Amino acid sequence: MRERPLATGLQEGEIREELQNGGHLRNVLIITKTIGDAAEHLAYIRPSWRREFLPLRTWADKDDRTYRDLNRLLALLRDDFGYYGFIGLYMDGDPDLARYRSFSDSEGAGGKAPSP
């Protein structure tokens, strides 16, 4: 059986499939980016079947899946994915993101996190 290459993020279908196969979400954080008067929220998920935080992506891994409504994103994580742990909420560019190694390694300590 030929393995498919790893995507740059996680799609809902992959998450649901892995959860049904016994996987779980280890950690979740949300990065909020303000564009004008509007805010967009992007979830970064660290699942049991992958090692790092990965952004939630659209179908076919085309783009980051952002939400303007934070409550809809939280409902997806809590209700659909069954994650009830702590969810960190950060503003884009927050220096505290450096504590998450996958962000600090790829963006440089104190640098900006990947934009949602």
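The values are calculated or read from the model by the stated rules, or taken from the named source; none is laboratory data. Keep in mind the model is a prediction, meaning the values are calculated, not measured. Because the Cβ atoms are built from the backbone with ideal geometry, glycine has one as well, and the counts that use them run over all protein chains shown.
Could we say that T8 is out of contact with any strand residue (DSSP E or B) (no Cβ under 6 Å at 6 or more places or on another chain), hydroxyl-bearing (S, T, Y) and under 20 Å from P95 (Cβ atoms) here? Let's see the steps before the verdict.
Details: out of contact with any strand residue (DSSP E or B) (no Cβ under 6 Å at 6 or more places or on another chain): yes; hydroxyl-bearing (S, T, Y): yes; under 20 Å from P95 (Cβ atoms): no.
The answer is no for T8.
Restricting the search to segment 54-74, which residues are over 20 Å from D37 (Cβ atoms), in contact with a Leu (Cβ under 7 Å, 6 or more places away or on another chain) and not in a strand (DSSP E or B)? Residue satisfying the conditions is R65 alone.
Pairs meeting the criteria (first residue in segment 60-72 and on the phi > 0 side of the Ramachandran plot, second residue not in a strand (DSSP E or B), beta carbons under 7 Å, at least 6 apart or on different chains) are D61/A7; D61/T8; D61/G9; D61/Q11.
So is R51 in a strand (DSSP E or B) and under 23 Å from L97 (Cβ atoms) or not? So that I can check it myself, show each step before the final result.
Numbers: in a strand (DSSP E or B): no; under 23 Å from L97 (Cβ atoms): yes.
When the stated conditions are applied, R51 does not pass them.
For F81, the conditions (1) crowded, with 18+ Cβ neighbours inside 10 Å; (2) under 12 Å from the mean Cα position of the chain (by Cα) all hold with the exception of (2). Residues in segment 14-42 that are surrounded by fewer than 11 Cβ atoms within 10 Å (Cβ to Cβ), at pLDDT 95 or above and in a loop (DSSP other than H, G, I, E, B): N21, G22. If you check L19, L54 for being in contact (Cβ under 8 Å) with a residue 12 or more places away in the chain and within 15 Å of the chain's Cα centre (by Cα), only one passes: L54.
Quick grid of which residues meet (1) at pLDDT below 90; (2) under 15 Å from the mean Cα position of the chain (by Cα); (3) on the phi < 0 side of the Ramachandran plot; (4) part of a loop (DSSP other than H, G, I, E, B):
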{"residue": "L77", "(1), (2), (3), (4)": "no, yes, yes, no"}
{"residue": "G88", "(1), (2), (3), (4)": "no, yes, yes, no"}
{"residue": "D96", "(1), (2), (3), (4)": "yes, no, yes, no"}
{"residue": "F103", "(1), (2), (3), (4)": "yes, yes, yes, no"}
{"residue": "A113", "(1), (2), (3), (4)": "yes, yes, yes, yes"}
{"residue": "P116", "(1), (2), (3), (4)": "yes, yes, yes, yes"}
